[in-house]
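Visitor: Sharing a structure below in structure tokens format, with a few things to ask.
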Amino acid sequence: MKVCVITGGGSGMGLGAARAMPNDRIFLLSGRTQQKLDKAAKQLKAEGRQVYIKTCDTSDKKQVHELARYAASLGEVTNVINAAGLSPSMADPEKLLRVNAFGTVYVNREFAKVMKKGVIVDISSNSAYQLPKMLIPEKTYRLAEKQEQEFLKRLLRMCGLIKDDYKRSGLAYALSKNFVLWYAKKSAFELGDRGIRVCSLSPGLVATDMGELEKGEGASMLKHTAEKRMGTPQELGFAIAMVADERNGYLAGVDVLVDGGSVSGKRS
Ligand SMILES: NC(=O)c1ccc[n+]([C@@H]2O[C@H](COP(=O)([O-])OP(=O)(O)OC[C@H]3O[C@@H](n4cnc5c(N)ncnc54)[C@H](OP(=O)(O)O)[C@@H]3O)[C@@H](O)[C@H]2O)c1
């Protein structure tokens with residue numbers, strides 16, 4: 001049977017995506033908090049879905065390796081939605097980079113080892129688009145797989161130039177999510193001829209636990225949206241499921257921006 005794995009699947013858009021995916025498969029939800037996963041699994045089971053859960057911190061390579069092996073023991077892993085992530089209010093710059101950037105590397109690499117064919121969707125953010133081109137450190141991004149300490153040192157040095165705590169974490173978040181765009185594209189070209197399609201998807205401000213926490217700072221971007229409101233977890237869940245659905249087989253190596261128009265509104 002097909003297996004759809006959702007990191008960060010215990011809440012928000014990850015859970016929304018589980019609800020919107022076709023029901024002909026097993027769902028494996030993961031996150032760090034057992035109670036969150038128990039609650040989400042109960043809801044999905046009540047809606048008729050077959051659900052397994054496993055705690056996993058995606059910033060820990062060994063735990064991601066175990067999650068991938070467990071997923072493969074349940075059936076054929078066909079869809080991986082990597083929605084696990086932290087936002088500027090939740091963590092310091094180092095933690096943001098470890099979870100959002102290294103977490104994406106570990107998920108893509110470990111799941112690619114157990115997948116025969118399928119799709120990986122890495123959730124980024126419209127914050128990835130806020131960085132001016134000259135600030136995007138692509139040379140440093142290339143160090144993420146093999147020289148983690150150097151990658152961290154260089155990006156933390158950039159963040160360290162900012163005095164304000166929130167803005168410093170804000171830059172780390174934007175860098176970590178810009179890295180997700182870059183890494184998803186790299187993965188797409190490495191894995192495409194094996195039949196594994198990879199995309200990223202960048203939400204705008206969405207009314208999840210995280211979005212509610214960030215909406216004070218994030219509200220300024222709402223005025224640039226065409227919709228003039230936050231997105232909902234249901235809308236993003238549907239968009240993610242559409243990208244993750246194997247019927248959407250020619251969508252690869254790109255970022256899908258689902259932000260109510262905030263990036264194009266700001267640019268114009
Ligand atoms: N909401 C927004 O406005 C917004 C905007 C742009 C992008 N995003 C991105 O969208 C994704 C989903 O966020 P959301 O809005 O749905 O918020 P959410 O409800 O807070 O979901 C994030 C999930 O990630 C899990 N998580 C956090 N750190 C983790 C780690 N180290 N390992 C494994 N799981 C971890 C959390 O569960 P535990 O705490 O139990 O681990 C939680 O279930 C994130 O990547 C976020 O950066 C959100």
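Visitor: May I ask you to sort 107, 263 by Cβ crowding, counting other Cβ atoms within 10 Å and putting the fewest first?
Guide: If I rank by nearby Cβ atoms, fewest first, I get 263, 107.
Visitor: Over all directions, the average projected area of the alpha-carbon convex hull for segment 135-268 comes to how many nm²?
Guide: The number I arrive at for segment 135-268 is 9.7 nm².
Visitor: Now, a different point. Arrange 206, 256 by Cβ neighbour counts within 10 Å, fewest through most, would you?
Guide: 256, 206
Visitor: What is the angle, in °, between the Cα long axis of helix 61-74 and the longest principal axis of the Cα atoms in the chain? Nearest 10 is fine, range 0 to 90.
Guide: Once rounded, the angle reads 30 degrees.
Visitor: Considering only 243, 254, 121, give the residue with the highest GNM mean-square fluctuation for the chain, with springs between Cα atoms whenever their separation is below 10 Å.
Guide: 254
Visitor: May I have the pair-distance distribution P(r) for segment 96-188, computed from all Cα-Cα distances with 10 Å bins from 0 and rounded to whole percent?
Guide: P(r) over segment 96-188, rounded to whole percents: 16, 51, 25, 6, 1.
Visitor: Between 222, 43, 71, whose Cα lies farthest towards the positive end of the dipole of segment 2-261 when Lys and Arg beta carbons carry +1 and Asp and Glu beta carbons carry -1, centred on the Cα centre?
Guide: 71
Visitor: List the residues, sorted by chain then number, that are 5 or more residues from residue 84 or on another chain and whose placed amide H is less than 5 Å from its amide H.
Guide: Answer set, sorted by chain and number: 7, 8.
Visitor: Let me ask another. Determine one quarter of the surface area of the Cα convex hull of segment 1-130, which equals its mean projected area, and express it in nm² to one decimal.
Guide: Seen from a random direction, the Cα hull of segment 1-130 projects 7.7 nm² on average.
Visitor: Among 193, 245, which comes first, second and so on when ranked by fewest other beta-carbon atoms within 10 Å?
Guide: 193, 245
Visitor: Okay, moving on. Once the Cα atoms of helix 103-114 and of the chain are each reduced to a long axis, what angle between those two axes, in degrees from 0 to 90 to the nearest 10, is obtained?
Guide: 30
Visitor: Angle between the Cα long axis of helix 209-222 and the longest principal axis of the chain, 0 to 90 degrees, nearest 10?
Guide: Value to nearest ten degrees: 40.
Visitor: Tell me what the chain gives for mean residue ellipticity at 222 nm when only DSSP H runs of n ≥ 4 count, each as -39,500 (n - 2.57), the sum divided by the residue total, rounded to 500 deg cm²/dmol.
Guide: Value at 222 nm, helices only, nearest 500: -14500 deg cm²/dmol.
Visitor: What's the center-to-center distance, using Cα atoms, between segment 174-201 and segment 1-16 in Å?
Guide: Value for the Cα centre distance between the two parts: 19 Å.
Visitor: I would also like to ask the following. Using only the Cα atoms, work out Rg/Rh for the chain, with Rh taken as the Kirkwood radius, to two decimals.
Guide: 0.94
Visitor: Treating only the Cβ atoms of Lys and Arg (+1) and Asp and Glu (-1) as charged, compute the dipole magnitude of the chain about its Cα centre; round to the nearest 20 debye.
Guide: Dipole magnitude for the chain comes out near 320 debye.
Here, each number is a calculation from the coordinates, and none is a lab measurement. Note that this is a predicted model, so its numbers are computed, not measured. We place every Cβ from the backbone using ideal geometry, glycine too, and count neighbours over all the protein chains shown.
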